[in-house]
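Below is one structure, written out as structure tokens; the observations come after it.
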Amino acid sequence: MFDKKITEDSLNTILGKGASFNGKLRIEGGLRVDGDFDGELDASGTVVVGKDGFLKGDFKAKDAVIGGKLIGNLTAQQKIELQAGARVEGDLRCKGIVIEHDVYFDGTCKMGEGEKPGKKPVQEPGKTD
């Protein structure tokens, strides 16, 4: 669904099936999670959570593809993709989102870059200043 394909070179860190991590992690590049991650993550690239992957905590990435389970908050600079079978409990913040059929999502999603300085709020029809 992303404009650019995710390559193995861009996913330079892997937490494999059966592995677990607890703590804070900062990554220059991307991460694939097929195991259990509990803590804080800050990745400059894409984070991919495989169908057996589990993330719990607060996460920041350029882009994110969630196929497994996420409990916590995820902020992506660009896009978030929730794949079929994914389970997300928490808040998402991004510029764009793709949600496939058969995704469980319990939380909020805020999209965009926020209000631009000097931008006027939209007025209700029939009201004038």
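The values are calculated or read from the model by the stated rules, or taken from the named source; none is laboratory data. Predicted, not measured: the structure shown is a model, and the values here were computed from it. Neighbour counts are summed over all protein chains in view; Cβ atoms, including those assigned to glycine, are modelled from backbone coordinates with ideal geometry.
Looking for whichever is touching a residue at least 40 places away in the same chain (Cβ under 8 Å) and touching a strand residue (DSSP E or B) at 6+ places or on another chain (Cβ under 6 Å) here; the options are Asp63, Asp91, Asp42. Which one fits?
Answer to the selection: Asp63.
When you scan segment 1-98 for strands (runs of 3 or more DSSP E) that lie fully inside it, which ones turn up with 2 or more residues that are of a type outside the set (Gly, Ala, Ser), over 10 Å from the mean Cα position of the chain (by Cα) and at pLDDT 95 or above?
It comes to 20-27, 31-33, 36-43, 54-61, 69-76, 87-89.
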